[in-house]
Amino acid sequence: MTQNPNSSSFGFEAPEDSPGFLLWQTTVTWQRVIKKTLDIYDISHAQFVIMAVLLWFEEHQERPTQIAIARLSKLDKMTVSKSLKKLVSLGYMSREESQQDTRAKWVHLTPQGKKLASTLVPIVEKIDETFFGALGQDERQGLIRSLNKLVSFG
């Protein structure tokens, strides 16, 4: 059976017309640059995000649980759990049971973890500055507004 040459399985004329595909390409490109830097420190991108989230909570005097980390990072619970186990084994963070809810665990950076997170956050922010620097200031602000709308979707 031959397919009509004028019909297509796709709703777009070209891949670069698909916002989903472009977001995928952008994300993969951006993550590749960050991964290259984080590999030097033997930290995955997910592990870095968790450490950065913990640093954020700590600087705002909040005691996060694994659930709070998953909510803020948008990482799935299994990725958070596996990453936390690895980070604990590396000595970058520790967990303790909540006195109010024994099912919940408080998570915090160790001094070694805080030092590494404090080193990596400015490095990754510099990568972001360079990567998103291809956009003008107004475009970046528009992108941030658009991404905030999309993040609230799921």
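Here Lys86 fulfils each of the conditions (1) under 12 Å from the mean Cα position of the chain (by Cα); (2) not in a loop (DSSP other than H, G, I, E, B) apart from (1). Of the residues contained in the range 93-112, one or more are found to be farther than 25 Å from Pro19 by Cβ and in a helix (DSSP H, G or I).
Take Lys105 and tell me if it is surrounded by fewer than 18 Cβ atoms within 10 Å (Cβ to Cβ), basic (Lys, Arg), in contact (Cβ under 8 Å) with a residue 40 or more places away in the chain and touching an Asp or Glu at 6+ places or on another chain (Cβ under 8 Å). In short, yes.
Would you check if there is a residue in the range 63-78 being farther than 22 Å from Leu22 by Cα, of a type in the set (Lys, Arg), out of contact with any Phe, Trp or Tyr (no Cβ under 6 Å at 6 or more places or on another chain) and assigned to a loop (DSSP other than H, G, I, E, B)? Within the range 63-78, none of the residues are farther than 22 Å from Leu22 by Cα, of a type in the set (Lys, Arg), out of contact with any Phe, Trp or Tyr (no Cβ under 6 Å at 6 or more places or on another chain) and assigned to a loop (DSSP other than H, G, I, E, B). Contact map, the range 18-47: residues that are free of Cβ contacts under 8 Å to residues at least 60 places away in the same chain paired with residues that are among the aromatic types (Phe, Trp, Tyr) and assigned to a loop (DSSP other than H, G, I, E, B), Cβ distance under 6 Å, separation 6+ or inter-chain. Pairs shown: Ser18/Phe12.
Kindly indicate which of Lys74, Lys126, Lys86 is closer than 23 Å to Trp30 by Cβ, of a type in the set (Lys, Arg), surrounded by fewer than 15 Cβ atoms within 10 Å (Cβ to Cβ) and touching a residue at least 24 places away in the same chain (Cβ under 8 Å). Show your work before the answer.
Numbers: Lys126 fails: touching a residue at least 24 places away in the same chain (Cβ under 8 Å); Lys86 fails: surrounded by fewer than 15 Cβ atoms within 10 Å (Cβ to Cβ).
Matching residue, one of Lys74, Lys126, Lys86: Lys74.
Taking the conditions (1) surrounded by 11 or more Cβ atoms within 10 Å (Cβ to Cβ); (2) part of a helix (DSSP H, G or I); (3) charged (D, E, K, R) in turn, Lys36 satisfies each one other than (1).
Readers should treat all values here as calculations from the given coordinates under stated rules, not as data from a laboratory. Keep in mind that this is a model prediction, so the values were computed, not measured. Glycine also receives a Cβ, built like all others from the backbone with ideal geometry; neighbour counts cover every protein chain displayed.
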